[in-house]
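A quick write-up on the structure given underneath.
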Amino acid sequence: MSENVVGTCSLPLAIATNFLIDGKDYLVPMAIEESSVVAGASHGAKLVREGGGFTTEATPPLMIGQIQVLDLADPYEAVERLLDAKGRLLEEANKVDPVIVALGGGAQDIEPRVIDSPRGPMLVLHLLYDVRDAMGANVINTTLEALAPLVEEITGGRVNLRIISNLADRRLARAQATVPQEALTFDGFEGKEVVERILEAHAFAQADPYRAATHNKGVMNGIDGVALATGNDWRAIEAGAHAYAARNGKYSPLTSWHRGEEGNLGGSIELPISVGIVGGATRANPTAKVALKILGVNSARELDRVMAAVGLAQNLAALRALATEGIQRGHMALHARNVALSVGMPEKYIDQVVDQMVEERKIRPDRAQEIARELGTSR
């Protein structure tokens, strides 16, 4: 699967629970090392379940391949020549993978455009390709390379880059949810107050890209965890999500929250998610195969929808914690255990050391060692 391999680097594989998505219950595998993420996703899903669960949708799995064309005397005339040759280009593209074409996928359209660059105007040809249940990078990159000589012939230019775009803004996943106001009441916080605090937190992310970056990091905690568990390219998903968050010229939150009927909390998310359930590591990695079996999805679009719901649940849990008791309360015990383990704490001391660090709110390696020494000398 990789080069110069000397071992493997494993992550905890966990199951997020309580997810009711479009009337179907899901157990959601997540591979992640960060404390509280899986618990947060499960709790967020539980709150949404009180309002009837998530409703989701996903657009067809259209991915974009890019061909860069240079050295054109008139790039706008070359655009017209490409549009005139659209049928020929699509026919040639669909010869590359007849199997995916037989399944209803393949090249669907072309979009040539001229862009300005530091090296002057250049033509970029977009190939819109339905990848069905694959992520699509391999088939698209192969198709683009096969098309390059024909594009040069038609335009009279020189092709340089031929590569998929990870800004998959034709392949969007959406999720919506309602959380009853009373479901947000806990530990002295009234549901009405929690709704207001969450809306204030969301407004912060809307107004400030520094906050929006952390807001979206929390969203991606959940989505990346599912991507890793199922053998998908989380790096491609991250790149697309953050580019999409800045599509209007300002970096913004991927989720939206509002006060709905009867004061209930309403939320939604929209982002590009390019994942597959066939090919690549999804089949080569046995753990990914098991994770997909546990999840029980039947198509890549269904996986897109589940991941959007996970991202929305993760964001809900983070905003609720941040806007009320603070993020550290739930995170603290797990973090303290990680700190204790990181300094080689003897197993017999771990629980006592963790309890004392949490009580003192001093969760540091040096304090863990001090407490262990005190416990050892007291005995």
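Worth pointing out:
- Search result, residues across region 21-62 that are among the small types (Gly, Ala, Ser) and open to solvent by less than 50 Å² (accessible area, probe 1.4 Å): ALA31, SER35, SER36, GLY40, ALA41, SER42, GLY44, ALA45, GLY51, GLY53, ALA58
- When each of ASN221, ASN216, ASN232 is tested for being free of Cβ contacts under 8 Å to residues at least 60 places away in the same chain and surrounded by 21 or more Cβ atoms within 10 Å (Cβ to Cβ), the lone residue that passes is ASN216.
- Matching residues in region 15-34 - criterion: being more than 16 Å from GLY311 (Cα to Cα) and either aliphatic (A, V, I, L, M) or under 18 Å from the mean Cα position of the chain (by Cα) (or both): GLU33
- Residues that are part of a helix (DSSP H, G or I), open to solvent by less than 30 Å² (accessible area, probe 1.4 Å) and either of a type in the set (A, V, I, L, M) or farther than 15 Å from LEU123 by Cα (or both) within region 71-103 comprise ALA78, VAL79, LEU82, LEU89, LEU90, ALA93, ILE100, listed in sequence order.
- Enumeration of residues in region 1-12 that are open to solvent by less than 100 Å² (accessible area, probe 1.4 Å) and either under 17 Å from ASP233 (Cα atoms) or part of a strand (DSSP E or B) (or both): SER2, LEU11
- Residues of region 61-115 that are touching a Gly at 6+ places or on another chain (Cβ under 8 Å) and at positive phi: ASP71 alone.
- Qualifying residue in region 241-261 (condition: closer than 22 Å to LEU27 by Cα, touching a residue at least 24 places away in the same chain (Cβ under 8 Å) and not hydrophobic (A, V, I, L, M, F, W, C)): no
- Residue check, ILE15 of a type in the set (A, V, I, L, M), touching a Gly at 6+ places or on another chain (Cβ under 6 Å), in contact (Cβ under 8 Å) with a residue 12 or more places away in the chain and open to solvent by 10 Å² or more (accessible area, probe 1.4 Å): no
- Given (1) over 10 Å from the mean Cα position of the chain (by Cα); (2) of a type outside the set (Asp, Glu); (3) open to solvent by less than 50 Å² (accessible area, probe 1.4 Å); (4) closer than 17 Å to GLY44 by Cβ, index of the condition VAL226 fails: (1)
- Selection status of ARG211, of a type in the set (Lys, Arg), over 12 Å from the mean Cα position of the chain (by Cα) and open to solvent by 60 Å² or more (accessible area, probe 1.4 Å): no
- Pairing residues of region 334-345 that are among the basic types (Lys, Arg) with residues that are modelled with pLDDT of 85 or more, at Cβ distances under 6 Å and at least 6 apart in sequence or on separate chains, gives ARG337/VAL354.
The values are calculated or read from the model by the stated rules, or taken from the named source; none is laboratory data. Keep in mind that what you see is a predicted model, and the values were worked out from it rather than measured. Cβ coordinates were reconstructed from backbone atoms using ideal geometry, including for glycine residues, and neighbour counts include every protein chain displayed. The protein model used for the area step is the full one, side chains on, heavy atoms only, and it has no ligands, DNA or RNA in it. Shrake-Rupley method; radii C 1.70, N 1.55, O 1.52, S 1.80 Å.
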